[in-house]
Amino acid sequence: MSTAAIIPAAGLGLRLGGETPKAFREVGGDSLLVHAVRGLKAASAADLVCLVVAVPPGSEESVVKELGPYVEGVELLVVAGGAERSDSVAAALAVVPVEGIDCVLVHDAARAFVPVDAIERVVAAVRAGAAAVVPALPVTDTIKQIGPGGEVVGTPDRSTLVAVQTPQGFDPEVLRRAHAAGVVGATDDAMLCERLGVTVVTVEGSTDAFKVTRPQDLLLAEALLAERRA
Ligand code: CTP
Ligand code: MG
């Protein structure tokens, strides 16, 4: 039973700022992309056999070289990403082998520090028969729904809300159908599956799987890494 992983890493990181695309920004001497790849590789129960990375067009060759040392025994494919995250995932999914893969993980390069146990919970749920799996945590803020003028129109019951992370795990055939159907503005792959009527199940996520989005997230990443290395 083998897993293919897709890493969308083609974003510019506009909220983070700086000259370098976010996936190539370094924390503790390695890029976020390298950290993300190491994490997936360390999840031995996932049995990773193929890794497809979507990168900013033009950086394919340098990424193949950069990741080489971290993907021993894994087929590495690097493709040009697209304008939106879902375009990048679709470009990567197009080259995932059809034969011999029973689970496809989609994992943001920006969630570079997800721990092994969270990855393995996702894979286990797919292997147990779930077609689509997301790691989730309770939300800690009160969430408001707002109208066009920014006015609050409602407060959803927080006990029914979760924040979802990656890696998200899928039955390969379901993920292909979900992307073929497409939805404009889908911010994750589970959403595409929901639109097909597929049940998406949740497993416990991890606070370490936070997404590096804004400059202060780099400080948190540095601190987390220092603690892990201590
Ligand atoms: N991503 C991608 N292709 C895009 C946009 C995003 O592969 N066209 C990837 C990012 O590289 C990241 C993940 O999707 O690993 C989550 O996206 P996000 O955190 O929004 O990253 P960016 O789009 O790079 O950041 P920003 O939205 O601040 O520009
Ligand atoms: Mg983005």
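The Cβ shell under 15 Å around ASP102 holds other residues with a net charge of -3, Lys and Arg each +1, Asp and Glu each -1. Expressed in units of 2.2 N^0.38 Å, where N is the residue count, the Cα radius of gyration of the stretch 103-230 is 1.17. Radius of gyration over Kirkwood radius for the stretch 98-143, both on Cα atoms: the Rg/Rh ratio is 1.04.
When Rg and the Kirkwood Rh are both derived from Cα coordinates, the Rg/Rh ratio for the stretch 67-157 amounts to 1.07. Work out which trypsin sites (Lys or Arg not before Pro) in the chain are exposed loop sites (DSSP not H, G, I, E or B, at most 13 other Cβ within 10 Å) and give the longest gap free of them. Answer from the scan: 16-143. The local environment of SER88, defined by Cβ-Cβ distances under 14 Å, has a net charge of -4 under the rule Lys, Arg +1 and Asp, Glu -1.
With a Förster radius of 22 Å applied to the C-beta separation of ILE101 and THR199, the computed FRET efficiency comes to 0.55.
Note on ASP141 and ARG38: their simple-model spin labels are 3.0 nm apart, each label 7 Å out from Cα toward Cβ. Give me the percent of DSSP beta bridges within the stretch 3-229 that run antiparallel, rounded to the nearest 5. Counting DSSP beta bridges with both partners in the stretch 3-229, the antiparallel share is about 35 percent. Between ALA128 and ARG177, the contour length at 0.36 nm per residue exceeds the alpha carbon distance by 15.6 nm. Length, then width, then depth: along the principal axes, the Cα atoms of the chain run 51, 38, 35 Å.
Running a GNM on the chain with Cα contacts under 10 Å, which residue among LEU33, LEU76, LEU14 ends up with the highest mean-square fluctuation? In the Gaussian network model the winner is LEU14.
Rounded to the nearest 0.05, the FRET efficiency derived from the C-beta distance between GLU120 and VAL153 at R0 = 30 Å is 0.15. Remark: spin-label model distance ASP30-MET1 equals 2.7 nm, labels positioned 7 Å along the Cα→Cβ axis.
Between VAL184 and ALA223, the modelled labels are 4.1 nm apart [label points 7 Å from Cα along Cα→Cβ]. For LYS41, a cut-off of 28 angstrom between C-alpha atoms picks up these lysines, skipping any fewer than 8 places away in its own chain: LYS22, LYS65, LYS211.
Any read-out appearing in this document is the output of simple, stated calculations on the displayed coordinates, not a laboratory observation. All values reported here derive from a predicted model rather than from experimental measurement. Here Cβ is always computed from backbone atoms with ideal geometry, including for glycine, and neighbour counts include all displayed protein chains.
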